[in-house]
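*Asks:* The following block contains the structure, expressed as structure tokens.
The values are calculated or read from the model by the stated rules, or taken from the named source; none is laboratory data. The shown structure was predicted, so the numbers you read here are calculated from the model rather than taken from an experiment. Note that each Cβ is placed from the backbone with ideal geometry, even for glycine, and that neighbours are counted across all protein chains shown. Calculation scope for accessible area: heavy atoms of the full protein, side chains included, ligands and nucleic acids excluded. Shrake-Rupley method; radii C 1.70, N 1.55, O 1.52, S 1.80 Å.
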Amino acid sequence: MAELHIREHMVALGASLFARGYSAGSGGNLSVRLDDGTFLTTPTNSCLGRLDAGRLSRIRLDGALVSGDSPTKESAFHLALYRAKPDCGAVVHLHSTYAVALSCLLGLDEQDVIRPFTPYYVMKIAPLPLLPYFKPGSPKLAELLEAKAPTAKCFLLANHGPVVTGKNLEDAVNVAEELEETARLVFLLHQGQGGVRHLSGAEIRELLPIH
Ligand code: ZN
């Protein structure tokens, strides 16, 4: 995809996420790997609903700014994921309400936060490892994500929000939306009576590519 087209795609998908309440204020950020090995990221303090294609930050793998506005302070962990995942073409990080609420709960399974109850969670998201809390922008968060990157494509940052990798931006946005809706269902189901029927081990295995 030509760079101009990718820039316009970032603006359009950012606006779509914002319009539907997946991000608010200046929360959340997007990035895309370009063919020449540089990256486009959303600028620091930018609102996903009002991105400007001409002012997106273009950065190198070492974080150096090539052109555009200063990148999001969270670009360090985007770059860590690109370093660890050669097939990763885009990263979406949101502060979406239900996934953030889930990230604040005590007693979560750190290997996979959500016990599967829909096939879509198994096929598109799982596992969802929980990473411990660090101050936003902390280099420790980037280090930890780089180490954990080979184990999953989605991650939940404690008391912060979800990070989703994808082969391209549309793929990562779709999975980020699925993750937010699954987190919303976690809270809806826990308000019900009689508990949740989770998928059995056999039901989960038949959804996975190798079983
Ligand atoms: Zn964040």
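The rows are residues; the columns are (1) at pLDDT 95 or above; (2) among the small types (Gly, Ala, Ser).
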position	(1), (2)
11	yes, no
38	yes, no
63	yes, yes
73	no, no
81	yes, no
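*Asks:* Among the residues of the range 106-145, what is the count of those that are more than 13 Å from residue 158 (Cβ to Cβ) and away from the ligand (no atom under 16 Å from the Cβ)? Outline the logic, then answer.
*Replies:* As a first pass, look at the range 106-145 and keep what is more than 13 Å from residue 158 (Cβ to Cβ): 111-112, 114-127, 137, 139, 142-143.
This time we only want the ones that are away from the ligand (no atom under 16 Å from the Cβ), so: 111-112, 114-127, 143.
The qualifying residues number 17.
*Asks:* Another question, then. Out of the residues in the range 1-21 that are among the aliphatic types (A, V, I, L, M) and assigned to a loop (DSSP other than H, G, I, E, B), which is farthest from the ligand (Cβ to nearest atom)?
*Replies:* Of everything passing the filter in the range 1-21, 2 is farthest from the ligand (Cβ to nearest atom).
*Asks:* Output the qualifying pairs, or none if there are none: Cβ atoms under 7 angstrom, residues six or more apart or on different chains, first residue in the range 74-95 and within 14 Å of the ligand (Cβ to nearest atom), second residue open to solvent by 10 Å² or more (accessible area, probe 1.4 Å) and among the aromatic types (Phe, Trp, Tyr).
*Replies:* Going by the 7 Å Cβ cut-off, the qualifying pairs are 94/22.
*Asks:* Oh, and also: Across the range 22-37, what is the total count of residues that are of a type in the set (D, E, K, R) and in a strand (DSSP E or B)?
*Replies:* The qualifying residues number 1.
*Asks:* Can you report the number of residues in the range 118-139 which are farther than 29 Å from residue 11 by Cα and either polar (S, T, N, Q) or modelled with pLDDT under 95 (or both)?
*Replies:* Counting residues in the range 118-139 that are farther than 29 Å from residue 11 by Cα and either polar (S, T, N, Q) or modelled with pLDDT under 95 (or both) gives 1.
*Asks:* Also: Kindly list, by first and then second residue, each pair from a residue in the range 133-161 that is within 19 Å of residue 104 (Cα to Cα) and in contact (Cβ under 8 Å) with a residue 40 or more places away in the chain to a residue that is of a type in the set (Lys, Arg) and surrounded by fewer than 22 Cβ atoms within 10 Å (Cβ to Cβ), limited to pairs with Cβ atoms under 6 Å and residues at least 6 apart or on different chains.
*Replies:* 137/73
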